[in-house]
Every structure is written in structure tokens, then in C-alpha cells.
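One structure is given below, encoded as C-alpha cells.
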Amino acid sequence: MLTNQGFNLWSDNYDQTVQVSEENHLYPFAGYKKILNTIFNEVMQKENSKVLDIGFGTGVLTSKLYANGHQIDGVDFSSKMISIAQSKMPNANLFEWDISVGLPPEILENKYDSIISTYTLHHLTDEEKISFITDLIPLLKKGGKIVIGDISFENRGKLDKCRQESIEYWDDDEFYFVHDEIKSSLPYPCEFHSISHCGGVFIISE
């Protein structure tokens with residue numbers, strides 16, 4: 001897994017790295033733009049909403065929501081990525097934080113219309129994902145939703161197939177979403193929209 005320092009070093013060319021992977025329809029970022037667009041459209045169903053972005057990176061998605069009048073709170077553990085994102089969203093409340101220890105106390109005091117996360121939660125083990133997502137539910141306003149875009153698969157067989165096809169650059173230190181396993185472990189409604197052979201969007205509500 002990349003460390004804070006690793007992400008700081010990667011921050012300047014992160015978006016370019018994603019673009020190359022996406023344009024060649026390769027693991028891990030095949031379908032990246034469509035995944036972000038799907039999340040954007042979900043959040044945009046409500047005007048001027050309050051959004052929490054977990055792992056916002058350089059603010060590619062969140063800055064578009066910010067520009068459309070949404071109030072943004074966010075957590076990320078790369079100081080350099082936060083600096084890039086803050087320049088795009090000067091009034092956003094952005095926190096440097098490691099989600100492996102939960103969420104900042106300031107965040108836990110708030111309620112959100114949408115909690116979003118893109119390509120971040122695969123750094124948590126499956127057990128940690130379930131616990132983390134469960135802890136997010138109380139932060140939702142009535143009718144709110146959690147929308148997660150990430151490296152994900154409908155079932156374990158499809159994950160194994162992608163791993164074999166991408167074995168030369170597969171990251172065994174990451175833990176990818178498997179829909180039928182996550183769905184059975186979460187005590188909440190969980191939709192999954194497959195976007196590419198290695199990516200999709202989860203919508204979770206109370």
C-alpha cells in the first residue's frame with residue numbers, strides 16, 4: 001500500500017497516471033471517468049447539498065460539485081493532494097487524516113446529504129470496509145446516501161479473472177470490493193452498478 005509519502009510523491013502526476021490506465025481500458029482505472037460521472041449525477045439530484053468526500057485526492061470530482069454550489073467537507077492523507085484540491089475549492093473544509101483510524105472528530109459532528117468516496121476504500125481490508133461504512137450511516141441526513149466508486153467486481157470469480165489478466169502489475173496489498181460479499185455483510189440496502197471489468201459504483205442507504 002502506498003504511504004502518505006508515496007501519495008505526496010505521486011500527487012503531481014496522479015491524474016495523468018489515471019488517464020493512461022483509463023484510456024487503455026486497463027486495471028485499475030478502466031471506467032474511471034464514467035464512475036466519477038455516475039457519482040456526480042447521484043449527488044446532483046439535490047441542489048446545494050452537504051457532501052463529505054473521503055479520499056478526495058486532487059479534487060477532480062469534488063471540485064465539480066463545489067463549482068455547482070455544494071458544500072464540501074473532505075478527508076485525505078496526502079498533504080500535497082490536499083493543497084492541490086484546496087486551490088480549486090478555497091472554501092471547502094479539507095482535513096489531512098488517515099481513515100484507518102476512523103474519521104476526524106470535526107466530521108463526526110456533522111450530517112451529510114451524500115458521503116462519497118472514489119478509489120480510496122480498497123486500502124481497507126474487507127472487515128475494515130464493513131466497519132467503516134457502518135460508522136458512516138449515522139452521518140447521513142434523512143434520505144442521504146453513501147456513494148462509492150472503486151476497483152470492484154460483481155463476484156470473486158470476476159476478480160480472479162482480472163487478477164490473472166493483470167498479474168504483472170496487480171497490487172496484492174490492496175483489498176478490492178466484491179459485490180456479493182459486501183452486500184451479504186452490510187445490514188443496509190446496497191446497490192451495485194458495474195461500470196467496467198474492474199470498476200463500479202455502490203449506493204448504500206439506511
Sole residue being farther than 23 Å from V101 by Cα, surrounded by fewer than 20 Cβ atoms within 10 Å (Cβ to Cβ), within 15 Å of the chain's Cα centre (by Cα) and modelled with pLDDT of 95 or more, chosen from H197, H193: H193
Condition check for D150: within 25 Å of F40 (Cβ to Cβ), surrounded by 16 or more Cβ atoms within 10 Å (Cβ to Cβ) and of a type in the set (D, E): yes
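Hey, could you check the range 119-142 for residues that are in contact (Cβ under 8 Å) with a residue 12 or more places away in the chain and in a strand (DSSP E or B) and say which is farthest from D15 (Cα to Cα)?
The extreme case among them is K141.
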The range 91-126: number of residues that are under 28 Å from F153 (Cβ atoms) and either exposed (fewer than 15 other Cβ atoms within 10 Å of the Cβ) or out of contact with any Pro (no Cβ under 9 Å at 6 or more places or on another chain) (or both): 18
Subset of the range 148-186 [part of a strand (DSSP E or B) and under 16 Å from G31 (Cα atoms)]: I148, G149, D150, I151, S152, F153, F177
Residue within the range 94-110 that is touching a Gly at 6+ places or on another chain (Cβ under 6 Å) and of a type in the set (A, V, I, L, M, F, W, C) present: yes
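Residues checked against (1) touching a strand residue (DSSP E or B) at 6+ places or on another chain (Cβ under 7 Å); (2) modelled with pLDDT of 95 or more; (3) under 25 Å from S114 (Cα atoms); (4) assigned to a helix (DSSP H, G or I):
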{"site": "Q5", "(1), (2), (3), (4)": "no, no, no, yes"}
{"site": "V18", "(1), (2), (3), (4)": "no, no, yes, yes"}
{"site": "A30", "(1), (2), (3), (4)": "yes, no, yes, no"}
{"site": "F40", "(1), (2), (3), (4)": "no, yes, yes, yes"}
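The values are calculated or read from the model by the stated rules, or taken from the named source; none is laboratory data. Just so it is clear, the model here is predicted, and its values are computed rather than measured. Don't worry about glycine lacking a Cβ; one is built from the backbone with ideal geometry, like all the others, and counts go over all protein chains shown.
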